[in-house]
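Input: a single structure, listed below in structure tokens.
Read the figures in this text as sums done on the coordinates, not as results from a lab. Just so it is clear, the model here is predicted, and its values are computed rather than measured. Heads up, the Cβs are rebuilt from the backbone with ideal geometry, glycines too, and the neighbour counts pull from every protein chain shown.
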């Protein structure tokens, strides 16, 4: 197959931990041809979506002492319909340029391109608000821009996490305890004095055992989660915020959540989904660029990348 990865610049990859690299390496091992572009290289002209893409090959792995891990060809403009699969793997932020990319990919999809994850589903899916579709798995949560309601929620639950709806990697997350110190400042800062909607969730003490990332591949759960454990007094377990990643088998509750959401995610064309679960509670449903392949593969030996490429090959046929 000819596979196009729409992602951040290859030179910025940290291949020892990068999920997209793990996908690329497994695809290359199977003999598939690899191509890369960034969202800025997408264009629409004469009724078709095309991109300036570079074919490349992997020439070094994470354990090799090499100056560069890939060798790329010169860029050439190709229609997206010329690829067997197009993988949208651009990291957030989910801004207007990201949304524009999904519009372009949707036009390409209508012309016959096979795009994963499905552009409309990425665009329509709020990674934090998506939990509202599955209330039986969700701890007490409030989403509003009303400062009075946010204060009342804290008064009812005493220990509350506040976060923006467009954050990533643990950015902008605050914990306000029963003493309510800085409650007003946090609500003002995150909510831009009532102009911006934010999320409040009852604090889940089980965060001390980790914020678990559960991967769904074409609706099926990977049998291991990565528990991202806060370090040094942090409330955030995100790896980007310094959390320690520990792979562990899915619990019965983890599997219950994964199996409940899996069919819905698959039906929406979401080939890869990352569920975030703290204790017994679902906190986020990530679809833009889910990660944690490498950590699970390294610690357990389970080949997540092979499971993903199996699913991609089946979908692309």
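Rg/Rh for the stretch 124-251 stands at 0.98; both radii use Cα atoms, and Rh follows the Kirkwood definition. Rounded to the nearest 500, what is the 222 nm mean residue ellipticity of the chain from helices alone, with -39500 (n - 2.57) per DSSP H run of 4+ residues and division by all residues? Result for the chain, helices only: -8500 deg cm²/dmol.
How large is the convex hull of the Cα atoms of the stretch 140-203 per residue, expressed in Å³ as a whole number? Please report the intermediate quantities before stating the final value.
On the way: hull volume 4.4 nm³, N = 64.
Once divided by residue count, the hull of the stretch 140-203 is 69 Å³.
Under Stokes-Einstein, with the Kirkwood radius over Cα pairs as Rh, the value for the stretch 247-314 at 25 °C and 0.890 mPa s is 188 µm²/s. By the gyration tensor of its Cα atoms, with a ≥ b ≥ c the square roots of the eigenvalues, what is the shape of the stretch 206-303: rounded for a/c under 1.5, prolate for a/b over b/c, or oblate? Prolate, since a/c reaches 1.5 and a/b exceeds b/c. Tilt of helix 147-157 relative to the longest C-alpha principal axis of the chain, in degrees (0 to 90, nearest 10)? Once rounded, one gets 70 degrees.
Put simply, the Cα atoms of the stretch 62-207 extend 59, 44, 31 Å along their principal axes, the longest span coming first.
For the chain, the longest principal axis of the Cα atoms and the long axis of helix 304-316 meet at an angle of about 60 degrees.
The Cα-based radius of gyration and maximum Cα-Cα distance (Dmax) for the stretch 2-121 are 14.2, 45 Å. Exposure proxy ranking for 40, 90, based on other Cβ atoms within 10 angstrom of each Cβ and starting from the fewest, stands as 40, 90.
By the count of other C-beta atoms within 10 Å, a proxy for reagent exposure, 16, 70, 21 are ordered fewest to most as 16, 70, 21.
Would you mind computing the Rg to Rh ratio of the chain from its alpha-carbon coordinates, Kirkwood style for Rh? Display every interim value, and only then the final one.
Details: Rg = 20.3 Å, Rh = 20.6 Å.
Here the Rg-to-Rh quotient is 0.98.
What order do you get for 183, 215 when you list them from fewest to most C-beta neighbours inside 10 Å? All intermediate terms of the calculation are to be shown ahead of the outcome.
Numbers: 183 19, 215 26.
Ordered by Cβ neighbours within 10 Å, fewest first: 183, 215.
Relative to the longest principal axis of the Cα atoms of the chain, the long axis of helix 19-29 makes an angle of roughly 30 degrees.
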